1. Between Ser63 and Ala112, take the C-beta separation as r, use R0 = 41 Å, and let me know the FRET efficiency to the nearest 0.05.
2. How much length is gained on full extension from Phe80 to Leu29, taking 0.36 nm per residue of separation minus their Cα-Cα distance?
Amino acid sequence: MACHDRCICVRFIIPAEKGGLSVSTAGDLYGVPISTARERLWKYRRDQQFGSCKRTGLWHISSPTQDAALVAKTYRKLFFRARDLKAATGFPGQKDTIISRLRAAGLRARHAAMKELLTDEHKLYRYRLLRAM
């Protein structure tokens with residue numbers, strides 16, 4: 001949490017809790033929008049602490065062990081689709097979650113490069129080369 005946010009929390013949330021200042025007055029005093037001040041007060045009442053989550057706040061569907069199993073299975077079977085990986089490993093997430101976990105591990109989809117089609121002349125040379133062997 002930034003120093004500015006911490007000062008705002010200490011100076012107006014605790015007085016607002018004790019009935020000293022209203023949230024809107026404290027927000028105006030410190031140049032914070034009323035919605036932000038209300039949100040900070042609500043978080044303080046809910047969690048009884050200042051600050052915000054160190055993480056994104058999103059649920060992490062899989063455990064690190066499941067992520068490692070997914071990556072290990074991918075190394076063993078490189079051409080599995082996400083649906084097949086989910087079935088083989090019992091991964092709890094959806095296709096997009098599987099793809100993001102593999103990208104985080106440094107794996108990305110690879111596509112075969114398009115090769116030039118053989119011309120009639122190249123086909124003739126190839127045929128002669130194979131006949132000569």
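A short reminder: the numbers here are calculations on the coordinates, not readings from a lab. All values derive from a computational prediction rather than experimental measurement. A quick note on method: Cβ atoms are made from the backbone with ideal geometry, for glycine too, and the neighbour counts reach across all protein chains shown.
1. My answer for the efficiency is 0.75.
2. The span from Phe80 to Leu29 would gain 12.5 nm if fully extended.
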